[in-house]
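Enquirer: Below you'll find the structure I mean.
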Amino acid sequence: MVKPIFIQKIPFGYKFFKWRKEVFKCSLQVFKYRLMRRSERNLTKFGRREDCTGTLPGFSLLETLLVLAMIGVILGTSFLSLDGLIERWHLSIAKDRVLQTLKYAQFLSLTQRQTHQISGKGTQLWIHKRGNSQDEFSWETLPDDLLLHVSRWPSFSPYGFAKAGTIYLESSRYSTQIIVSTIGSIRSTEIQAK
């Protein structure tokens, strides 16, 4: 049996470490015993533990309603920001369609060895051979909420050159440009806010 600390003399050297180990074992056993007794006291008749104030743990109705209201506010503000993203996404898709139509017209002019021109009206684009507007190869219909403006309709020659032109796409909040240069390169600008 270990004597209480205040009676026992503290040894030196190897005996000190042995004594410290015994004191630690004894204090650990006392701690476990007290913890076990405390947890047995905190059990209610339903088998649930009480906290130190004597109430059952959990959230009150007021706390739950406050958290749900905060979640609603956060979701509402995120929905408003999604509206601009959807409009930007529609403009991005329309820009890709116009780019693909221009690249297809360039491909047709190089493979068929005839000049092909892009034309359009409203929200529709089509490709036709130059001088023959009846012979349409392909057309694209853009969404109705977009505006299509043109400085000059581009056309592609069978030698790789082009008649330069710029196509402007606009929505209510965003705009972009698709530029065809005289050497036949097609590039587009980033979508920018108005």
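Every read-out reported here was derived from the displayed coordinates using simple, explicitly stated rules and does not represent laboratory data. Quick caveat, the model's predicted, so the values are computed rather than measured. Quick reminder, even Gly has a Cβ in these numbers, built from the backbone with ideal geometry, and neighbours come from all protein chains shown.
Enquirer: Can you pick out the pairs among 95/194; 163/194; 103/194; 103/129 whose Cα atoms lie more than 21 Å from each other?
Expert: On the way: 95/194 16 Å; 163/194 28 Å; 103/194 27 Å; 103/129 15 Å.
The answer is 163/194; 103/194.
Enquirer: May I ask you to sort 149, 90, 128 by Cβ crowding, counting other Cβ atoms within 10 Å and putting the fewest first?
Expert: On the way: 149 11, 90 16, 128 20.
Ranked by crowding around the Cβ, least crowded first: 149, 90, 128.
Enquirer: Moving on. Assign one of three labels to region 84-193, namely rounded, prolate or oblate, based on the Cα gyration tensor with a ≥ b ≥ c the square roots of its eigenvalues; rounded applies when a/c is under 1.5, prolate when it is not and a/b is larger than b/c, and oblate otherwise.
Expert: Details: a/c = 2.38, a/b = 1.76, b/c = 1.35.
The shape class here is prolate.
Enquirer: What distance in nm separates the two pseudo spin-label positions at residue 164 and residue 107, each 7 Å out from Cα along the beta-carbon direction?
Expert: With each label placed 7 Å out from Cα toward Cβ, I get 2.7 nm.
Enquirer: In addition: Which of 73, 180, 150 has the fewest other C-beta atoms within 10 Å, and how do the rest follow up to the most?
Expert: On the way: 73 9, 180 24, 150 15.
Lowest to highest Cβ neighbour count: 73, 150, 180.
Enquirer: Among 82, 101, 128, whose Cα lies farthest out toward the positive end of the dipole of region 82-131, if unit charges sit on the beta carbon of Lys, Arg (+1) and Asp, Glu (-1)?
Expert: Farthest towards the positive end: 128.
Enquirer: Just grab the label-to-label distance for residue 90 and residue 151, each label 7 Å out from Cα along the Cβ direction, in nm (one decimal).
Expert: 2.7 nm
Enquirer: At 0.36 nm per residue, and after removing the present C-alpha to C-alpha distance, how many nm does the segment from residue 66 to residue 192 gain when stretched out fully? Each step should come with its number before you reach the end.
Expert: Values: separation 126, 0.36 × 126 = 45.36 nm, distance 3.89 nm.
Here the answer is 41.5 nm.
Enquirer: How long is the gain from residue 80 to residue 99 if the chain were fully straight, where each residue apart is worth 0.36 nm and the alpha carbon distance is subtracted?
Expert: Details: separation 19, 0.36 × 19 = 6.84 nm, distance 3.00 nm.
The residue 80-residue 99 span can extend by a further 3.8 nm.
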